[in-house]
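Only the coordinates and a few stated rules stand behind these numbers; no lab work does. Because the structure is a prediction, the values reported are computed rather than measured. Virtual Cβ from ideal backbone geometry, glycine too; neighbours counted across all protein chains shown.
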Amino acid sequence: MESILTNRKGLAQEIGKVAEVAGYLWEKGWAERNGGNITINITDWIDDDIRRLPGISPVYRLEVTLPLLKGCYFYCKGTNRRMRDLARRPMENGSVIRILDDCSSYEIIADEVVLPTSELPSHLSVHNYLKSIGSNYKASVHTHPIELVAMSHHKPFLEKDVLSNLLWSMIPETKAFCPRGLGIVPYQLPSSVALAEATIRELGDYDVVLWEKHGVFAVGNDVMEAFDQIDVLSKSAQIYISARNMGFIPDGMTQEQMREMSVAFHLPK
Ligand code: 13P
Ligand code: ZN
């Protein structure tokens with residue numbers, strides 16, 4: 001069914017990409033039941049007609065105040081909704097919200113009253129943070145990749161940059177396509193403000209962070225880019241685990257080989 005949102009080309013394309021990625025998350029086995037969530041800042045695609053749309057829900061309070069998101073619009077996966085359903089019907093399993101002028105409440109404007117993800121504090125705090133540093137990133141993705149979550153159950157892997165270096169060293173492309181590496185967020189209650197705050201602290205240095213014993217959270221220019229970074233890290237994790245399953249500890253690329261990659265590809269680290 002056409003809606004005022006999806007019959008606008010740019011917006012339809014962005015929401016289409018969310019649906020495509022939601023399908024990948026399900027196919028990869030990272031999105032059991034309602035696992036994971038995606039939000040995108042769609043404010044750039046909002047025209048005056050959409051701005052005039054009335055709210056279709058009550059006003060909901062946020063637990064956080066986000067001064068830079070005043071009047072911004074987000075497409076959000078719905079809480080308790082399945083990625084596999086969102087892949088086919090994004091506007092029935094997610095909704096568009098408007099952040100109100102007090103910067104600490106929002107209303108749903110389209111298409112249906114689908115309550116946004118329980119991880120909204122993390123997603124919106126991250127979007128506010130991204131604006132504060134002048135970033136053009138518009139997408140944030142949280143998902144439950146099996147191997148990376150398994151690795152987060154091993155304390156030595158949670159020391160700063162241990163996993164970044166291990167995963168980068170499994171295959172050259174991981175460093176090229178996830179050049180800022182993997183930050184670590186020690187366990188926090190899902191959907192909590194503490195989790196949101198810890199996530200923001202790590203995003204200063206990384207585009208993807210590992211939530212201990214829970215999942216990963218990634219940001220990017222668009223949802224495809226955020227997904228790709230998780231995908232390359234996950235591939236490296238699988239290579240490491242395959243080698244361990246074959247009974248040996250993989251050599252990994254040397255530090256010198258990784259430095260050579262950084263120079264050749266002009267990488268930040
Ligand atoms: P939601 O269904 O509320 O998006 O929660 C899924 C999840 O992964 C929480 O961390
Ligand atoms: Zn989760």
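Regarding the range 164-182, can at least one residue be identified that is among the β-branched types (Val, Ile, Thr) and under 21 Å from residue 16 (Cα atoms)? Among the residues of the range 164-182, not one is among the β-branched types (Val, Ile, Thr) and under 21 Å from residue 16 (Cα atoms), which makes the answer no.
Restricting 107, 147, 92 to residues that are surrounded by fewer than 24 Cβ atoms within 10 Å (Cβ to Cβ) and in a strand (DSSP E or B) narrows the list to 107.
Put simply, of 131, 160, 155, 175 the only residue that is more than 16 Å from ligand 2 (Cβ to nearest atom), more than 30 Å from residue 42 (Cβ to Cβ) and in contact with a helix residue (DSSP H, G or I) (Cβ under 6 Å, 6 or more places away or on another chain) is 175. In the range 63-109, the residue that is farthest from the chain's Cα centre (by Cα) out of those that are within 17 Å of residue 45 (Cα to Cα) and basic (Lys, Arg) is 70. So, residue 165, is that one surrounded by fewer than 24 Cβ atoms within 10 Å (Cβ to Cβ), farther than 28 Å from residue 33 by Cα and in contact with a Leu (Cβ under 8 Å, 6 or more places away or on another chain) or not? Judged against the criteria, residue 165 is not a match. Counting just the residues of the range 1-50 that are farther than 19 Å from residue 234 by Cβ and within 16 Å of ligand 2 (Cβ to nearest atom), which one comes out surrounded by the most Cβ atoms within 10 Å (Cβ to Cβ)? Out of the qualifying residues, it is 39.
So that you can scan it fast, the table gives a plain yes or no per residue for (1) farther than 23 Å from residue 17 by Cβ; (2) over 12 Å from the mean Cα position of the chain (by Cα); (3) surrounded by fewer than 18 Cβ atoms within 10 Å (Cβ to Cβ):
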site: 207; (1), (2), (3): no, no, no
site: 211; (1), (2), (3): yes, no, no
site: 226; (1), (2), (3): no, no, no
site: 233; (1), (2), (3): no, yes, no
site: 237; (1), (2), (3): yes, yes, no
site: 245; (1), (2), (3): yes, yes, yes
site: 253; (1), (2), (3): yes, yes, no
site: 264; (1), (2), (3): yes, yes, yes
site: 268; (1), (2), (3): yes, yes, yes
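Of all the residues in the range 150-193, those that are part of a strand (DSSP E or B) and either among the small types (Gly, Ala, Ser) or away from ligand 1 (no atom under 16 Å from the Cβ) (or both) number 3.
Considering 140, 118, the condition of being within 14 Å of ligand 1 (Cβ to nearest atom), in contact (Cβ under 8 Å) with a residue 24 or more places away in the chain, part of a loop (DSSP other than H, G, I, E, B) and under 21 Å from residue 194 (Cα atoms) is satisfied by 118 alone.
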